[in-house]
Structures are given as C-alpha cells and as structure tokens.
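The values are calculated or read from the model by the stated rules, or taken from the named source; none is laboratory data. As the structure is a prediction and not an experimental result, all values here were calculated from the model. Backbone-built Cβ (ideal geometry, glycine too); neighbour counts: all protein chains shown.
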Amino acid sequence: MDDGRPIFLQIAALIERQIIDGSLPEGEQVPSINEFAAFHRINPATALKGITLLVDAGVLYKRRGIGMFVADGARDRLINDRRARFTTEYVQPLLAEGASLGLDAAALIDLIRKESTS
C-alpha cells in the first residue's frame with residue numbers, strides 16, 4: 001500500500017486484481033474489513049471505503065451477518081471496464097499520435113506485431 005494513490009483505492013484495486021486473476025472467484029467471501037485493516041495496518045474506515053466502492057459498482061455484495069462476497073458476473077464486468085479504460089487511455093491516444101505521424105491503423109498493427117515478437 002504505497003503507490004501514491006489513496007489507500008482505499010489501492011484496497012479496491014487489490015480486490016479487483018484478485019477477482020480478475022481468479023484467486024477470488026465469483027461467490028467467494030472476501031476478507032472482512034477488520035482483516036484488511038489488520039493485515040495492511042490501516043484504519044478500518046479506510047478499508048470500508050474501498051470495499052464500499054466495489055459494492056456500489058456491483059462487484060461485491062453483502063450478506064447480512066456473514067460478510068462480503070464476489071457478485072456473479074463481477075469478473076466479466078471488471079474486464080469490460082478495464083478494456084474500455086484501456087481503449088480510452090492507450091488505444092485512442094496511440095491512434096491519434098500515429099495519425100499525426102502519418103501511420104494508419106494497419107501500420108500501427110504492424111509495429112505492434114514487430115514489437116511483440118522482439
């Protein structure tokens with residue numbers, strides 16, 4: 001927990017990564033807020049804020065008296081959100097910069113293929 005972003009965002013990102021990589025499958029219970037707080041040595045309110053982001057996004061859901069669980073479809077939702085963000089943050093700027101250099105999509109694809117085999 002030290003990449004410069006607020007800790008609650010890092011907690012949410014950690015859980016998202018675990019859902020995407022399959023180490024936290026759909027239907028699985030996530031660690032409690034107190035467990036997150038103790039493990040990361042943070043305030044429970046900070047851990048709660050990160051968890052609440054995921055609940056609000058429909059990635060986690062609460063079972064009263066039991067805890068938080070990964071929602072059905074959470075992995076697909078997260079992957080789709082990340083792909084959309086990837087397109088906005090990387091692909092669109094790549095296409096714009098390529099166009100400014102006179103490179104069309106086919107030329108960019110060729111460059112990517114060459115770099116991926118290097």
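Things to note:
- Every residue from the range 62-81 that is surrounded by 17 or more Cβ atoms within 10 Å (Cβ to Cβ) and over 17 Å from residue 8 (Cα atoms): 69, 70, 71, 74, 75, 78
- When the range 21-43 is filtered for residues that are outside any loop (DSSP other than H, G, I, E, B) and farther than 21 Å from residue 7 by Cβ, only 29 remains.
- Residue satisfying all of: in the range 17-61; basic (Lys, Arg) and at pLDDT 95 or above; surrounded by the most Cβ atoms within 10 Å (Cβ to Cβ) among these: 49
- Any hit, the range 84-95, residues being within 27 Å of residue 23 (Cα to Cα), touching a residue at least 40 places away in the same chain (Cβ under 8 Å) and of a type in the set (Asp, Glu): no
- One residue stands out in the range 88-108 among those that are under 28 Å from the mean Cα position of the chain (by Cα) and exposed (fewer than 12 other Cβ atoms within 10 Å of the Cβ): the one that is modelled with the lowest pLDDT, namely 105.
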